[in-house]
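> I have a structure here, written as structure tokens, and I will follow up with some questions on it.
What follows draws every value from the coordinates through simple rules; no lab data is involved. Given the structure is predicted, the values throughout are model-derived calculations rather than measurements. Because the Cβ atoms are built from the backbone with ideal geometry, glycine has one as well, and the counts that use them run over all protein chains shown.
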Amino acid sequence: MAKKILIADDALFMRVTLKNILEKNGYQVVGEASNGLESLELYQKTKPDLVTMDITMPEMDGITAVRELKKIDPQANIIMCTAMGQKQMVLEAVSAGAKDFIVKPFQPDKVLEAVQKIIGA
Amino acid sequence: MKVQYINPFISAAFQVLEMVLGSKPAKGTLSMRPSIFTSQQCNIITGVTGKVEGQVIYGMSLITADKIASHMLGQPVRTFDQLAASAIAELGNMVTGNAATLLAEAGFPCNITPPTIVRGTNVKMTTLDIPALVVPLCTDFGEIEITVSLQES
């Protein structure tokens, strides 16, 4: 059975791009959230194996969303996928519970490698 | 408005544009914007907050915006819809985000805000009390102007 992924990014373009990369490689995208708050709702509804999470989003930013997701599910697998790559941001994300951090723009292989490392193919 | 604030945006733009558009842009001459200026036809406005604050605007013609969106989407853009707008906005977001990383490394930790797109002809803009510097970048898809209006907070 295909592993399930939830995408959280306020940019439609990024959600479409990530969905194309993931679905072409055998993953099932079970939800697309346009902000951190929506990601919490969709996480509980879709119970994905992994979440890709942007940082800069309206309503609730990605790092706050990671903290809240970890309260809902301490085992949640979350990869940050963001244009903000400063050290402080990476530290905050990892300490909130993210398992990896990808900086945009990215090559598709980078995303697949990060996803496969956590949940397999 | 210090020149040191614009350099991270030029470096980030080179990096991002080369990766996204497939070729290195060429940098034009840096100049000062007048207090009220006529913007390009398609503008991505990104906000910066933190140790430095203000706006960074990426301006281009509608034709350039269509070409870039088509390239990013991997298919021709027939109408500049939400998806095309989102692609262009994400380009601005990536440059500002990467520039924010460089600003942080230079001792100016900051955050960015989600982008806004303004399209139209003869749109007048003003960055009010924060002077703005502009640098044109020439790409294979047309010119992109980066207007940086930042001050230390």
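> Residues that are more than 23 Å from B:T101 (Cα to Cα), within 11 Å of another protein chain (Cβ to nearest Cβ) and without any contact (Cβ under 8 Å) to a residue 40 or more places away in the chain: which strands (runs of 3 or more DSSP E) entirely in the range A:12-121 hold 3 or more of them?
Per the criteria, no element qualifies.
> Shifting gears a bit: Quick check, is B:I117 within 14 Å of another protein chain (Cβ to nearest Cβ) and farther than 21 Å from A:V103 by Cβ? Break it down into steps so the answer makes sense when it comes.
Details: within 14 Å of another protein chain (Cβ to nearest Cβ): yes; farther than 21 Å from A:V103 by Cβ: yes.
When the stated conditions are applied, B:I117 passes them.
> Could we say that B:D66 is over 14 Å from the mean Cα position of the chain (by Cα), part of a loop (DSSP other than H, G, I, E, B) and more than 26 Å from A:G85 (Cβ to Cβ) here?
Details: over 14 Å from the mean Cα position of the chain (by Cα): yes; part of a loop (DSSP other than H, G, I, E, B): no; more than 26 Å from A:G85 (Cβ to Cβ): yes.
In short, no.
> Okay, moving on. Please verify whether B:T101 is under 22 Å from B:L133 (Cα atoms), crowded, with 17+ Cβ neighbours inside 10 Å and within 14 Å of chain A (Cβ to nearest Cβ), treating the condition exactly as stated. Before you say what the answer is, go through the steps one by one.
Working: under 22 Å from B:L133 (Cα atoms): yes; crowded, with 17+ Cβ neighbours inside 10 Å: yes; within 14 Å of chain A (Cβ to nearest Cβ): yes.
Yes, satisfied.
> Determine whether B:A87 is in contact with a helix residue (DSSP H, G or I) (Cβ under 9 Å, 6 or more places away or on another chain), crowded, with 19+ Cβ neighbours inside 10 Å and within 12 Å of chain A (Cβ to nearest Cβ).
Details: in contact with a helix residue (DSSP H, G or I) (Cβ under 9 Å, 6 or more places away or on another chain): yes; crowded, with 19+ Cβ neighbours inside 10 Å: yes; within 12 Å of chain A (Cβ to nearest Cβ): yes.
Criteria met by B:A87.
> In addition: Which of the numbered conditions does B:T29 fail, given that it passes all the others? Conditions: (1) in contact with a Pro (Cβ under 9 Å, 6 or more places away or on another chain); (2) assigned to a loop (DSSP other than H, G, I, E, B); (3) surrounded by 20 or more Cβ atoms within 10 Å (Cβ to Cβ).
The failed condition is (3).
> Also: Any chance the range B:122-137 includes a residue that's closer than 15 Å to B:V20 by Cβ and part of a strand (DSSP E or B)?
Filtering the range B:122-137 for residues closer than 15 Å to B:V20 by Cβ gives B:137.
Within this subset, residues satisfying the condition of being part of a strand (DSSP E or B) are B:137.
The answer is yes, given that some residue of the range B:122-137 is closer than 15 Å to B:V20 by Cβ and part of a strand (DSSP E or B).
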